[in-house]
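One structure below.
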Amino acid sequence: MRTTRALAASAAAVAVVGLAAPTASAWSQPTSVSAAPSVIARGGQLVLTVNGSACQMAGSTISSNAFPTTQLISQGGNTSTSTATVTVNSSANPGAYSVTTTCEGQTKTFNSVFTVIGGVRGGLGGSTSAGATPTDMAIGGGLVAAAVIGGGLFWMRRRSEKRI
């Protein structure tokens, strides 16, 4: 009779542990993902922080349409966070982006984690080093001549007012 009770108690304990195991695994899945900065230009670097103990395991990754799949690095200690530093593709379209984590073989998607803003097309600006073109020289010479003539007329007019 004693053996039967012990056997029944151990079977109940195994059943409880067996039912609790999937729940414990679900609790360890990532709960949130944050991005710093949350708004970034194309080609910029982004630090993503994942909260969840499952993502501290080797082989955990994070991915998005805006950057390639990247390994998560565990922060260790008492924290259950992992981070990844990624570079946003220079061809990424402006808008909000979602990220997908893969931890312990489970994937989870987080919507609108960061926003990519469009860059400006700056053109050449002052980046050429060839020097002034003949057109630039003509425009500059014309402006200097106009300033000299205008200054001379102003001086002559002021000079004649003092004599009267």
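Annotations
- Among residues of region 35-74, those that are assigned to a loop (DSSP other than H, G, I, E, B) and either open to solvent by less than 50 Å² (accessible area, probe 1.4 Å) or in contact with a Cys (Cβ under 7 Å, 6 or more places away or on another chain) (or both), counted: 9
Yes/no per residue for (1) closer than 20 Å to ALA92 by Cβ; (2) in contact with an Asp or Glu (Cβ under 8 Å, 6 or more places away or on another chain); (3) modelled with pLDDT under 90:
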position: ALA13; (1), (2), (3): no, no, yes
position: LEU19; (1), (2), (3): no, no, yes
position: PRO37; (1), (2), (3): yes, no, yes
position: ARG42; (1), (2), (3): yes, no, yes
position: LEU48; (1), (2), (3): yes, no, no
position: SER53; (1), (2), (3): no, no, yes
position: ILE62; (1), (2), (3): yes, no, no
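The values are calculated or read from the model by the stated rules, or taken from the named source; none is laboratory data. Fair warning: this is a prediction, and the values are worked out from it, not measured in the lab. Reconstructed Cβ throughout: ideal geometry from the backbone, glycine too, with neighbour counts over all protein chains shown. These area figures cover heavy atoms from the full protein model, side chains too; ligands, DNA and RNA do not enter into them. Shrake-Rupley method; radii C 1.70, N 1.55, O 1.52, S 1.80 Å.
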